[in-house]
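Where a number appears in this text, it was derived from the coordinates with a stated rule and is not lab data. Everything numeric here is computed off the predicted structure, so don't read it as measured data. Cβ placement follows ideal geometry from the backbone for every residue including glycine, while neighbour counts extend to all protein chains displayed.
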Amino acid sequence: MTARKKPISSDDLPKSAVHSILLPGEERIRGNVFFPEPITGLPCGEVYTVYDVFRRGMEESGDGPAMGEIRNGDFHWTKYSEIIVESNRLGAGLLSLGKQTKRVGVAGINSLRYTLACHSLINFSITSVPLYHNSKMEDLCYIIDSCELEVVYCDSAERAAGFVERKASGDIPAITAIILLQGLKDDVTGASEAKIEVWEFDEVLARGVLYPREDQPPAPEDVYVICHTSGTTGRPKGVQTTHRNLLAAVAGLYSQWCLSPNNISFDSSEVYFSFLSLAHIYEHLMQNFIAYVGGRVGIYSGDVARLLPDIQLLRPTVIALVPRLLNKFYESVHARMATQSLFVRILFGIAKWWKLRMLATGEMRFDTIWDRVVFSKISAMLGGRIRLLTTGGAPVSHEVKNFTRIAFGAPLFEGYGQTECGAAGTLNIPSDTTAGHVGGPAPWAQIKLIDAPELGYYAKDDKGEVCFRGAAVMSGYRGDASLTAKTVDAEGWLHTGDIGQWLSNGSLAIIDRKNAFFKLAQGDFVAPELIENVYGQSPLVQQIFVAGRTTRSFLVAVIVVNVAALKTALSNADQKLHHIASLTDGPLLEARETRNFVLAELNALARGRGLTTIELARNVHITTEEFTAEGGFLTSTLKIRRHVLTKHYEEVIDRLYDEVHSA
């Protein structure tokens, strides 16, 4: 691989005082500061589908390496042309099975063969339906059924056996064939009884040689992928993204970064580290950007515990991250520094202070003495060749965002969006060094805010629900015209449910969520009302308010407790807790033992009711102060006014998170 390119620095980037432009009209629509007229596709004028992107990558790279995976402790690379040929044979073999293949599922973690499966579908205009490996089986069965999937690529015999079992029980009647990406069909028991054909990868590949077919490339308006998101309904929603939709989002990245006035150079020397699931549109976005410039994609080992060793082995130039990992990297660096000598700790503190001071003045560079002496060792954590880090999916705290910008030898570019708009509806300006916002509209997008009167937000005040319009907005939800019409209005505006605020520099800050669902730091949606309903079944609980933050990866709760029931429960519990039951109400509620007991009781109940780990509270505050309509905490129909409770208990929520963090 080539030596590291010159890092991207503020010296090479034009400064911009504003992040968006306000367009004429009463709706107060804002557009991209560099591309006031929204773009609809890639600038070369020759690439209209993902099929085209990959072939351009072959040309740009001179048929160089496209995909790599770890074998025997090192990365082994497959050329663009090799993937094109082998995926054609795999697709031809798939079609020779005689199944309904308008849509085909792909289940498992990233691998070279997973990529080949995806391209086998692209080559023959088949829509891929990723089946996320961490999803509940009930959700996967719903997806298979609703998308009418007859064929599923599966990464292991073990995962295939789970689908066979569900077919036998009648949960997924549509499925009739499974193609194993790895493993032996003899290890999948019960398949014939369930009337499922199981094919090994090499068998299907061989059939493609026996029954060859020419590619049947997709059209721009064909649905490329159906990514499912739980979003705000609890039930998976199938977001249909066309080739045109995705490439508009890719064009947004390329135009913002690579065209005038920013002119950042990305080419075939780029090496992208892939660990995010292709069940997420964010990963499709990034892989297609890399292919467009002719770069290569190195796939992680499949073990998330080995992410850092995998990164160090690959030495990538681009990594797409999520806030949860940025937080882990931040904590890892500071935990390691805490064990160093006094001299090293002082040196680190001075270096950090100095570079954060530079960042605050708009200076982003990676060639200072502090980079050579201190931060070069930290950037080696990520291989030492990073040119660009990206983040999306959830907000990043100011502290973590700014530290990441100074520590790893590369800028951090942030975007905001949804599966429904190709992940990147906003992008920060490359030269931007501020925090507290998600940038301005991407080059493909226009954004407006609309009133959310029930929450007290009005567009005239530059606050309201965020709406996107442009070429990256999805074609609709699979099989749900009603929900599509509610989400994308007649004028093409995608209503996100997020509450935004335009800041004075034209950047967008996400400040609230319109409905009761919210997203945690790792990108998972949780439904607090559902969780509250389960916890509310405990005799200890009179009322409960579950809180979460997009910068945190877990939940906390405020409980209005039934004191009599609590004392009875303590008296019947372990003898070590009996003395607490005799305390007066104040000391009883403040005692850590009481809070731990209540939390354990509630989470035992919640697990029994089927809540997942991510839906369990990690800390609680106990009070006897009831939530009342008179106090402003409940609506006239006695529903929780979540935003009011959040503000009222802001300091309590801060403390609950700090207690877990310091434990």
* Structure fact -> If amide H atoms are modeled at 1.01 Å from N in the peptide plane, then the residues at a separation of 5 or more from Gln543, or on another chain, having amide H under 5 Å from its own are Val560
* Structure fact -> Listed by chain and number, the residues whose amide H is under 5 Å from that of Ser156, excluding neighbours fewer than 5 places away on the same chain and using placed H, are Leu181, Gln182
* **Note, ³J(HN,Hα) from phi for segment 295-304, Karplus 6.51, -1.76, 1.60, rounded to Hz, x at Gly and Pro** => x, 10, 10, x, 8, 5, 5, x, 10, 5
* Relative packing of 593-599, 161-167, which averages over residues the other C-beta atoms within 10 Å, highest first -> 161-167, 593-599
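Within 10 Å, count the other beta carbons around each residue, average over each peptide in 238-248, 418-428, 565-575, and list them highest first.
Details: 238-248: 24.5, 418-428: 27.7, 565-575: 14.8.
For the peptides 238-248, 418-428, 565-575, the packing ranking is 418-428, 238-248, 565-575.
Cβ neighbours within 10 Å, averaged per peptide: list 527-535, 550-558, 168-176 in order, most packed at the top. Don't jump to the answer; show the numbers that get you there.
On the way: 527-535: 18.4, 550-558: 21.6, 168-176: 16.0.
For the peptides 527-535, 550-558, 168-176, the packing ranking is 550-558, 527-535, 168-176.
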* **Charge dipole of segment 107-176 about the Cα centre (unit charges at C-beta), most positive-ward option of Ala117, Ala174, Ala160** => Ala117
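In segment 50-218, what is the volume of the convex hull around the alpha carbon atoms, normalised per residue and reported in Å³? Let's see the in-between values first.
Details: hull volume 19.4 nm³, N = 169.
So the per-residue hull volume is 115 Å³.
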* Sequence-distant residues sharing a close amide H with Val297 (under 5 Å, placed H) -> Met67, Gly68, Tyr272
* Quote the FRET efficiency, to the nearest 0.05, computed for His398 versus Glu625 with a Förster distance R0 of 30 Å and r equal to the Cβ-Cβ distance. => 0.40
* **Estimated FRET transfer efficiency (Asn505, Asp12; beta-carbon r; R0 25 Å; 0.05)** => 0.70
* Under 25 Å Cα-Cα from Lys195, which lysines qualify once same-chain neighbours fewer than 8 residues away are excluded? -> Lys99, Lys102, Lys136, Lys167, Lys185
* Under 25 Å from the Cα of Lys377, which lysines turn up, not counting those fewer than eight places away in the same chain? -> Lys5, Lys6, Lys328, Lys352, Lys355, Lys401
* **Computed magnitude of the charge dipole of segment 527-662 (debye, nearest 20; Cβ of K, R +1, Cβ of D, E -1)** => 340
* Structure fact -> Rounded to whole angstroms and listed largest first, the alpha-carbon spread of the chain along its three principal axes comes to 81, 66, 60
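Counting every Cα pair in segment 34-119, what percent are over 23 Å apart? Each step should come with its number before you reach the end.
Numbers: 1439 of 3655 pairs.
Pairs farther apart than 23 Å: 39 percent.
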* At most 13 other Cβ atoms within 10 Å and a DSSP loop assignment: could you name the trypsin sites (Lys or Arg not before Pro) in segment 1-79 that fit? => Lys15
* To do: Step through the residues of segment 374-380 one at a time and calculate ³J(HN,Hα) from phi using the Karplus curve (6.51 cos²θ - 1.76 cosθ + 1.60, θ = phi - 60°), rounding each to whole Hz and writing x for Gly and Pro.
  => 10, 7, 4, 6, 6, 5, 5
* Structure fact -> Short to long, in 10 Å steps from zero, the percent of alpha-carbon pairs of segment 232-388 per bin is 9, 30, 33, 21, 7, 1
* List the chymotrypsin sites (Phe, Trp or Tyr not before Pro) within segment 421-490 that fall in a DSSP loop (any state other than H, G, I, E or B) and whose Cβ has at most 15 other Cβ atoms within 10 Å. => Tyr458
* Structure fact -> Label model pair Ser332, His133: point-to-point distance (7 angstrom along the Cα→beta-carbon line) in nm is 1.8
* Structure fact -> Residue-normalised 222 nm signal for the chain, counting each DSSP H run of n ≥ 4 as -39,500 (n - 2.57), nearest 500 deg cm²/dmol, is -10500 deg cm²/dmol
* What's log10 of I(q)/I(0) for segment 527-662 at q = 0.16, 0.18, 0.19 Å⁻¹, Debye sum over Cα points only, no solvent? -> -0.83, -1.05, -1.17
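How big is the charge dipole of segment 50-218 about its Cα centre, in debye rounded to the nearest 20, if each Lys and Arg gets +1 on its Cβ and each Asp and Glu gets -1 on its Cβ?
Working: 17 positive and 26 negative charges, 56 e Å.
In total the dipole reaches around 260 debye.
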